[in-house]
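A short worksheet on the structure shown next.
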Amino acid sequence: WIGDTNPFAVLRGAVGTGKTVLACHAAAEMIRRTGRSGVVIREGDMRGFNWDLPHDAIVILDDLGNLTGQAVLENVQALVADRFARDQRTIITTNHTVDSMIDAYGMNLVDRFRIAVNLEMVGESRR
């Protein structure tokens, strides 16, 4: 995926299976290859999100689906829609299934993930 033209990757799996570690290593390799900057956004940061991201930053949206509330929902939807529209590299990690993501964020957001590289992380927790 690092050399692919697909801008989105979604890493799904249980807690402790290495989603965030893999996302950070993939982003670090993309940064090394391209010289772009990288930003990790935890879903908890979405409550008061600052939209001042570097234009071509590689973004990791970590632990998507664990928070609720209208402000979080709107900010996550806006961030993903913006990244999708601009074909910007975005890595999403989540513990949730597709169905639970649809329940939390709606089909409009989750439908964008269909084109993503989707990886299922399996195994026991390493925490």
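Show the residue pairs that are 6+ apart or on different chains and have beta-carbon atoms under 7 Å apart, the first residue being within the stretch 1-20 and among the polar types (S, T, N, Q), the second being open to solvent by 10 Å² or more (accessible area, probe 1.4 Å) and assigned to a helix (DSSP H, G or I).
ASN6/ILE115
Restricting the first residue to the stretch 78-98 and requiring it to be under 15 Å from ARG114 (Cβ atoms), which pairs with a second residue that is open to solvent by 50 Å² or more (accessible area, probe 1.4 Å) and part of a helix (DSSP H, G or I) meet a Cβ separation below 8 Å and a spacing of at least six or different chains?
Listed pairs, sorted by first residue: VAL80/ARG112; ALA81/ARG112; PHE84/ARG112; THR90/PHE84.
Can you spot a residue in the stretch 28-46 that is closer than 28 Å to SER125 by Cβ, touching a Cys at 6+ places or on another chain (Cβ under 8 Å), open to solvent by less than 50 Å² (accessible area, probe 1.4 Å) and in contact (Cβ under 8 Å) with a residue 12 or more places away in the chain?
Within the stretch 28-46, none of the residues are closer than 28 Å to SER125 by Cβ, touching a Cys at 6+ places or on another chain (Cβ under 8 Å), open to solvent by less than 50 Å² (accessible area, probe 1.4 Å) and in contact (Cβ under 8 Å) with a residue 12 or more places away in the chain.
Mind checking which residues of the stretch 76-127 are open to solvent by less than 30 Å² (accessible area, probe 1.4 Å) and among the polar types (S, T, N, Q)?
GLN88, THR90, THR93, THR94
Quick one: count up the residues across the stretch 79-114 that are of a type in the set (A, V, I, L, M) and at pLDDT below 85. Working first, answer last.
Filtering the stretch 79-114 for residues of a type in the set (A, V, I, L, M) gives 79-81, 85, 91-92, 98, 101-102, 104, 107, 109-110.
Next, from what is left, pick out any that are at pLDDT below 85: 104, 109.
Qualifying residue count for the region: 2.
The values are calculated or read from the model by the stated rules, or taken from the named source; none is laboratory data. Since we're looking at a predicted model, the values are computed, not measured. Neighbour counts are summed over all protein chains in view; Cβ atoms, including those assigned to glycine, are modelled from backbone coordinates with ideal geometry. For the accessible areas, the whole protein counts, side chains as well, though only heavy atoms, and no ligand, DNA or RNA atoms are used. Shrake-Rupley method; radii C 1.70, N 1.55, O 1.52, S 1.80 Å.
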